[in-house]
1. Counting pairs of alpha carbon atoms under 8 Å apart in space and at least six apart in sequence, what relative contact order in percent does the chain give?
2. Please give the contour-minus-distance gain from Tyr88 to Glu23: 0.36 nm per residue of separation, less the Cα-Cα distance, rounded to one decimal in nm.
3. Provide the per-residue ³J(HN,Hα) series for region 75-89, in order, calculated from phi with Karplus coefficients 6.51, -1.76, 1.60 and θ = phi - 60°, each as a whole number of Hz, with x at glycine and proline positions.
4. Sum up the charges of everything whose Cβ sits under 12 Å from the Cβ of Ser29, counting Lys and Arg as +1 and Asp and Glu as -1, but leave Ser29 out.
5. Report the gain in length on full extension from Arg72 to Arg10: 0.36 nm times residue separation, minus Cα-Cα distance, nm rounded to one decimal.
6. Can you compute the modelled spin-label distance between Ile31 and Thr46, with each label point 7 Å from Cα toward Cβ, in nm?
7. Amide H neighbours of Val83 under 5 Å, counting only residues 5+ apart in sequence or on other chains, H built in-plane at 1.01 Å?
Amino acid sequence: MALTLDEVKRVAHLARVAIDEAEAQAALSQINDVFRLIAEMQAVDTREVVPMAHALDVVQRLREDAVTEGDRHALFQAVAPHVEGGLYLVPKVIE
């Protein structure tokens, strides 16, 4: 797929971007280069390639999912100005 100069100018107009003839020509060249690269990459047969989760062969260090601190809920709510039903009450800020 390749764009034409008129299509580049039309897209620039729709995007409300002021573009002169030289800029449009440069943009056209760059966009068509990108389209050529995409076509080249799509032509590669990748059916035998195994998907990978990361570019490097790294292992995530994991730790045991265990509680490391006690429940301090009551302590925090004891110093709160207004609490009801275990929830903090705050002033209304949107009318």
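Just so it is clear, none of the values below were taken in a lab; they were calculated from the coordinates. None of these values were measured; they are calculated from a predicted model. So basically every Cβ, Gly included, is an ideal-geometry build from the backbone, and we count neighbours across all protein chains shown.
1. Values: 27 pairs, mean separation 18.0, N = 95.
In percent, rounded to a whole number, it is 19.
2. Details: separation 65, 0.36 × 65 = 23.40 nm, distance 5.81 nm.
Contour length minus Cα-Cα distance gives 17.6 nm.
3. 4, 5, 6, 5, 9, 6, x, 9, 9, 8, x, x, 10, 7, 9
4. Details: positive: Arg36; negative: Glu23, Asp33.
Within the 12 Å Cβ shell, the charges total -1.
5. Working: separation 62, 0.36 × 62 = 22.32 nm, distance 6.21 nm.
In short, 16.1 nm is gained.
6. 2.5
7. Residues meeting the criterion, in which the H sits 1.01 Å from N, are Leu89.
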